[in-house]
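Working notes, beginning with the structure itself.
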Amino acid sequence: MGIKMVKNSIMNCLMALVLVFLISGCKSLDKKEVKPDRFEKWRILAEESQGQTPDSKQYDLDLETSEKEKVENINQAAVELKDKKSEAPIKNLPDMAVTMKMHDVSVAVLLRTLARAADMNIMINETVTGDAKININNIPWSQAFTGILNTYGLTYKWSGDVLRVITVEDLNKEIALMEATQKFETSKKQ
């Protein structure tokens, strides 16, 4: 009788477990939890959002100045730039004769060597690149210097007693910066 009772108890327990699983399973079918779409929030916000157009007054400033005024401003900036240039003394390049024979040397090294030969202070922009081969015999320093600059698309500018060697693109950026600074200064005066 003990074994029958144990079997019955086990059966009753199994039946109870099956009923619990069935009931909980049925409940989960009734209460299907719907997981929200991760992007639903953003879709709703996008649908509800309204576009914003920038204030046109900000962009009409350029349109207010006529072409004539723009030309006058450019001419005035050019006159001011010319006046500033005339204030600084114009320095001449040396005319001493030089002879050089160099092959597969960087342009920067070549320019530093030329500057040392004339005992000049020189600054070379980092954008000055390339290799050079030079074979000159007894020509003026200024001619050798300007020839190298023209060959490699470079230019120079005096900055006090220092000869600055830069690319033409860098010079154009510098000029644009000076013009922007002058426009800013004139707008502050008005």
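Please indicate, with yes or no, whether at least one residue in segment 141-148 is open to solvent by 60 Å² or more (accessible area, probe 1.4 Å) and either closer than 21 Å to SER106 by Cα or of a type in the set (Phe, Trp, Tyr) (or both). The answer is yes, given that some residue of segment 141-148 is open to solvent by 60 Å² or more (accessible area, probe 1.4 Å) and either closer than 21 Å to SER106 by Cα or of a type in the set (Phe, Trp, Tyr) (or both).
Restricting attention to segment 116-160, the residues that are small (Gly, Ala, Ser) and assigned to a strand (DSSP E or B) total 2. Looking across LYS183, LYS157, LYS101, one residue alone is of a type outside the set (A, V, I, L, M) and either touching an Asp or Glu at 6+ places or on another chain (Cβ under 6 Å) or open to solvent by less than 70 Å² (accessible area, probe 1.4 Å) (or both). It is LYS157.
Of all residues in segment 121-135, those being buried (at least 17 other Cβ atoms within 10 Å of the Cβ) and over 13 Å from THR167 (Cβ atoms) number 3.
The values are calculated or read from the model by the stated rules, or taken from the named source; none is laboratory data. What you see is a predicted model, and the numbers here were worked out from it, not measured in a lab. Using ideal geometry, Cβ is built from the backbone for each residue, glycine included, and neighbour counts are taken over all protein chains shown. These area figures cover heavy atoms from the full protein model, side chains too; ligands, DNA and RNA do not enter into them. Shrake-Rupley method; radii C 1.70, N 1.55, O 1.52, S 1.80 Å.
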